[in-house]
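K.L.:
My structure is below; once you've seen it, I'll send some questions.
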Amino acid sequence: MDLKTLTFLVVGATFALYIFIALKTRASTTSEFYVAGKGIHPILNGMATAADWMSAASFISMAGLIAFKGFDASVYLMGWTGGYVLLAMLLAPYLRKYGKFTVPEFIGDRFYSKGARIVAVICLIVASLTYVIGQMKGIGVAFSRFLEIDFAHGLIAGMVIVFIYAVLGGMKGVTYTQIAQYCVLIFAYTVPAVFISLQLTGNPIPQLGLGSTMNDGSGMMLLDKLDHVLVDLGFSAYTMQKGSTLNMFLLTMSLMIGTAGLPHVITRFFTVPKVKDARFSAGWALVFIAILYTTAPAVGAMARLNLVNTIQTGPIGSPQGNLKYANRPSWFEKWEETGLLKFKDKNHDGRIQYYGKNKAFAVKAKAFGWKGNEMVKVDRDIMVLANPEIANLPNWVIALVAAGGIAAALSTAAGLLLAIASSISHDLLKGVFMPNINDKQELMASRIAMSFAIVVAGYLGMNPPGFAAQVVALAFGLAASSLFPALMLGIFVKRVNNIGAISGMLAGLGTTLVYIFWFKGWLFIKSTAMLPDDAAHWLFGISPGSFGAIGALFNFTVALVVSSMTKEPPEHIQRLVEDIRIPAISGVVAAEN
Amino acid sequence: MRDASAYWKANIRLVIGCLIVWFVVSFGFGILLAKPLNSIHLGGYKLGFWFAQQGSIYVFVALIFFYANKMNKLDKKYHVEED
């Protein structure tokens, strides 16, 4: 069977599964729509959270990022997992105890302020919507590249699928589909990694293979070999740090706090039956995430090694040492057609030279008659997608990777869209503008909000605003600087009042937005940037993407200082805080009486 | 309310302990001390590199389960567990 038919079959089968689940799990109450009736088993919720969290970026881009940045990419690995520790200990159990439906709802109630709730809704919608654009784009790209359907049709197919299960099933439908999607994506991610690890090191477990001896008879450790090969070609060593330590520190912190503050992740912990389940469920979520996140470094390093070895076939500098362009493998040709891989024969020798920018090596390269790095473009996104082809794996593995990428994008998109729809129908309509609607009307409103959100996201996916690539920094910056501190203070510091919380949120949000826009341009319009976006101009070398942690610090400080100078929160709010800190009140009351 | 505040204090102590470990393995071993740790090897891994790309993640998982188990015990000790 040819690859295209096989891919159609595999992707089609996964879609049939998602729709089957959707029909089985219709939501009939608002509680089912918003929080799946709070009846999801903690392990299953962990799996759904993992699928919700791991987006097209985690599946497709992360290993490529690691392949080209080496040690410096550790910030993403630690940042996007360490947030779950914060979530498990600082937020999830208490918000589950509070027991309502949305994140802005907690902020509004705890700080007894509709204003605070609206600020939270705005942060949520901006963060989620910017995030969802990337997913929509991912779906379109996966369809167009693997199934050769044009981008727009691929996107519409994806939207229809999300529409069916998210609008019908709400959180209940989304949860069960995410569980299925997790299984598809993790299988698709690990199978090629196992094969490649076996080929290179003889060890089937990629996490161990990365720390093993090479299979090529050299007796060298894989990472040492990679360092060696890269340095010899004028690249910097893979395992060495290149960026500034301060920036790595702050970026990791921002990503951790941002992860813990992202509403679509937090909401997932509202769906389990008990407080204790929320704690364990965060652990299970991280187990399922860690399976992919600890495999990714192996995929990245091995892909980089394979890429260099494919091109540099003999000794460096010998005229026959480099691959003839005419003899390039078929995956090379295929990715050239997409424009994501570009070769330019600068010295007209018909061979490919791929090397780094090291100054000492540049002198040597000149002596060899090389006239610059000829791999003028190697898009990092192709590493995971081309990996099975580079390693000559069978066609069904390639088909599986396509289905996995689409599953990763769909599951994250559905979770984000649900967070947006819930906060429109529950926080804005029911909470602020139309408090008198009944349960049935609210359910209808949330379905309409969901449909509307899907259409808006689809439109933005098809016509991505120029800033689409920049928005990840914005989403994490917003979550880290506004939502996380407000939630944490709301639980841990009884004294924080409405004025304190709102000023804190605005301070965190304001400083972070200004810092990002200062270098990226106001509203991401490039020409309005106040300073060039590079390390020399950043304040203390802090990149805009790393600023969320500083924004959070402003938020905490302002909230605490302002609260201490203004009136204590009312009695019933203080009791609310005491109540959410304890899983069940009955025991304490009994002991007291 | 004495029991409730004792329960809360015990929880805070536990959280602080866990977060110290969380900070040390990631920001400490994975970033600030990565360079000196890299002179130690763990199989084919340099230790600092291993903490940054593998070890910290394993410790995070273990920490959450440790915390959840400890909290279960605290819930029982202070009679605040759900039925």
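K.L.:
Quick one: accessible area per residue over the range A:478-593, 1.4 Å probe, rounded to a whole number of Å²?
P.N.:
On a per-residue basis, 44 Å².
K.L.:
Using only the alpha-carbon atoms of the range A:251-298, report the extent along each of the three principal axes, biggest first, to the nearest angstrom.
P.N.:
In descending order, the Cα extents are 37, 22, 15 Å.
K.L.:
Hey, another quick one. Report, ordered by chain and residue number, the aspartates and glutamates lying within cross-link reach of A:Lys225, taken as a straight Cα distance under 20 Å and ignoring same-chain residues fewer than 8 apart.
P.N.:
Here the aspartates and glutamates satisfying the reach criterion relative to A:Lys225 are A:Asp72, A:Asp216.
K.L.:
Here is a follow-up. Using just the alpha carbons, could you tell me how many Å³ per residue the convex hull of chain A encloses? List each step's numbers first, then the result.
P.N.:
Numbers: hull volume 95.8 nm³, N = 593.
Roughly 162 Å³ of hull volume per residue.
K.L.:
Pop out a list of residues from the range A:547-583 that are at least 40 Å² less accessible with all the protein chains around than in their chain alone; 1.4 Å probe, no ligands or nucleic acids counted.
P.N.:
A:Arg581, A:Ile582, A:Pro583
K.L.:
Would you list which lysines come within 29 Å of A:Lys24, measuring only between C-alpha atoms, while excluding same-chain residues fewer than 8 positions from it?
P.N.:
Those lysines meeting the cut-off are A:Lys38, A:Lys97, A:Lys100, A:Lys137, A:Lys172, A:Lys274, A:Lys276, A:Lys430, A:Lys440.
K.L.:
Within the protein assembly as shown, what whole-number % of the accessible surface is contributed by carbon and sulfur, with the 1.4 Å probe and all protein chains included in the calculation?
P.N.:
Answer for the protein assembly as shown is 66 percent, counting heavy atoms of protein chains only.
K.L.:
Which of the lysines could a cross-linker bridge to A:Lys344, judged by Cα under 25 Å and excluding same-chain residues fewer than eight apart?
P.N.:
Straight-line reach from A:Lys344, under 25 Å: A:Lys69, A:Lys324, A:Lys334, A:Lys357, A:Lys359, A:Lys364, A:Lys366, A:Lys371, A:Lys377.
K.L.:
Further question: So which trypsin sites (Lys or Arg not before Pro) in the range A:480-552 are both in a DSSP loop and have at most 15 other Cβ atoms within 10 Å of their Cβ? Write down the numbers at each step before the final one.
P.N.:
Numbers: sites: A:Lys494, A:Arg495, A:Lys520, A:Lys526; in loops: A:Lys494, A:Arg495.
Sites meeting the loop and neighbour criteria: A:Arg495.
K.L.:
Averaged over its residues, how many other protein chain Cβ atoms are within 10 Å of peptide A:80-86's Cβ atoms?
P.N.:
Averaged over the peptide's residues, the number is 6.
K.L.:
Can you report the principal axis dimensions of the range A:79-152 using only the alpha carbons, biggest first, rounded to whole angstrom?
P.N.:
That gives 52, 29, 21 Å along the principal axes, largest extent first.
K.L.:
Out of the trypsin sites (Lys or Arg not before Pro) in the range A:165-250, which ones are loop residues according to DSSP with at most 14 other C-beta atoms within 10 Å?
P.N.:
Listed in order of number, the matching sites are A:Lys242.
K.L.:
Between B and A, buried accessible area summed over both sides at probe 1.4 Å, in Å² to the nearest 100?
P.N.:
4700
K.L.:
Next up: Determine, from the Cβ-Cβ distance of A:His348 and A:Ala13 and an R0 of 60 Å, the FRET efficiency 1/(1 + (r/R0)^6), rounded to the nearest 0.05.
P.N.:
Efficiency, from the Cβ-Cβ distance: 0.80.
K.L.:
Test of the criteria: in the range A:275-363, which trypsin sites (Lys or Arg not before Pro) are in a DSSP loop and have at most 14 other Cβ atoms within 10 angstrom of their Cβ?
P.N.:
Listed in order of number, the matching sites are A:Lys344, A:Lys346, A:Lys357.
K.L.:
What's the FRET efficiency of A:Ala237 with A:Lys526 using the Cβ-Cβ distance as r and R₀ = 41 Å, to the nearest 0.05?
P.N.:
0.75
K.L.:
For A:Trp370, what charge total do you get from the other residues with a beta carbon under 12 Å from its beta carbon, if Lys and Arg give +1 and Asp and Glu give -1? Please list the in-between numbers first.
P.N.:
On the way: positive: A:Lys346, A:Arg351, A:Lys364, A:Lys366, A:Lys371; negative: A:Asp345, A:Asp349, A:Glu374.
Value of the local net charge: +2.
K.L.:
Given the range B:2-77, what count of lysine pairs have C-alpha atoms under 22 Å apart, with each pair 8 or more places apart or on different chains?
P.N.:
Values: B:Lys9/B:Lys70; B:Lys9/B:Lys73; B:Lys9/B:Lys76; B:Lys9/B:Lys77; B:Lys35/B:Lys46.
Counting lysine pairs in the range B:2-77 gives 5.
K.L.:
Once each part is reduced to its C-alpha centroid, what is the distance from the range A:479-535 to the range A:249-316 in angstrom?
P.N.:
25
K.L.:
For the range A:313-386, calculate the relative contact order in percent as a whole number, restricting contacts to Cα pairs under 8 Å that are 6 or more residues apart.
P.N.:
RCO, the range A:313-386: 33 percent.
K.L.:
Assuming R0 = 41 Å, can you tell me the calculated FRET efficiency for the pair B:Ile20 and A:Gln574, based on Cβ-Cβ distance, to the nearest 0.05?
P.N.:
0.90
K.L.:
Radius of gyration and Dmax for the range A:134-176's Cα atoms, expressed in Å?
P.N.:
11.5, 33
K.L.:
For the pair A:Val194/A:Asp2, report the inter-label distance in nm, with labels modelled 7 Å from Cα in the Cβ direction.
P.N.:
Label at A:Val194, label at A:Asp2, 3.0 nm between them.
K.L.:
Another question, if that's okay. Take each complete run of DSSP H in chain A, measure how far its Cα atoms stretch along the helix's own axis, and keep only those covering 27 Å or more with mean Kyte-Doolittle hydropathy at least -1.0; list them.
P.N.:
Helices meeting the span and hydropathy rule in chain A are A:3-24, A:114-146, A:168-201, A:275-311, A:395-422, A:439-462, A:498-520.
K.L.:
If you don't mind, there's one more thing I want to ask. Sort A:197-206, A:480-489 by the packing proxy (mean of other Cβ within 10 Å over each peptide's residues), most packed first.
P.N.:
A:480-489, A:197-206
K.L.:
Can you give the accessible area per residue of chain B, in Å², using a 1.4 Å probe?
P.N.:
Value returned for chain B: 47 Å² of accessible area per residue.
K.L.:
Name the residues of the range A:251-282 whose accessible area falls by at least 50 Å² when all protein chains are present instead of the chain alone, probe 1.4 Å?
P.N.:
Buried by the other chains: A:Lys274, A:Arg279, A:Phe280.
K.L.:
Work out how far the C-alpha atoms of the range A:470-593 reach from end to end along every principal axis, then list the three figures in whole Å, largest first.
P.N.:
Answer, in whole Å and largest first: 67, 28, 23 Å.
K.L.:
Roughly how many Å² is the accessible area per residue of the range A:313-386, as a whole number, for a 1.4 Å probe?
P.N.:
Values: 4110 Å² over 74 residues.
Roughly 56 Å² per residue, with all protein chains present.
K.L.:
Under 8 Å for C-alpha pairs, at least 6 residues apart: give me the relative contact order for chain A, rounded to a whole percent.
P.N.:
On the way: 1044 pairs, mean separation 159.1, N = 593.
Reported as a whole number, the value is 27 percent.
K.L.:
At a 1.4 Å probe, which residues in the range B:36-57 are at least 40 Å² less accessible with all protein chains present than in their chain isolated?
P.N.:
Residues shielded by partner chains are B:Gly44, B:Tyr45, B:Lys46, B:Phe49, B:Ala52, B:Gln53, B:Gln54, B:Ile57.
K.L.:
Same structure, new question: Would you kindly give the portion of the calculated P(r) for the range A:351-422 that falls above 16 Å, as a percent of all Cα pairs?
P.N.:
Roughly 68 percent, once rounded to a whole number.
K.L.:
Let's test this: bin the Cα-Cα distances of the range B:2-77 at 5 Å from zero up to the farthest pair and state each bin's percent.
P.N.:
That works out to 3, 16, 21, 16, 13, 10, 9, 6, 4, 1, 0, in percent per bin.
The values are calculated or read from the model by the stated rules, or taken from the named source; none is laboratory data. Please read these numbers as outputs of a predicted model, since none were measured by experiment. Backbone-built Cβ (ideal geometry, glycine too); neighbour counts: all protein chains shown. Please note that ligands, DNA and RNA were not included when accessible areas were found on the heavy atoms of the full protein model with its side chains. Shrake-Rupley method; radii C 1.70, N 1.55, O 1.52, S 1.80 Å.
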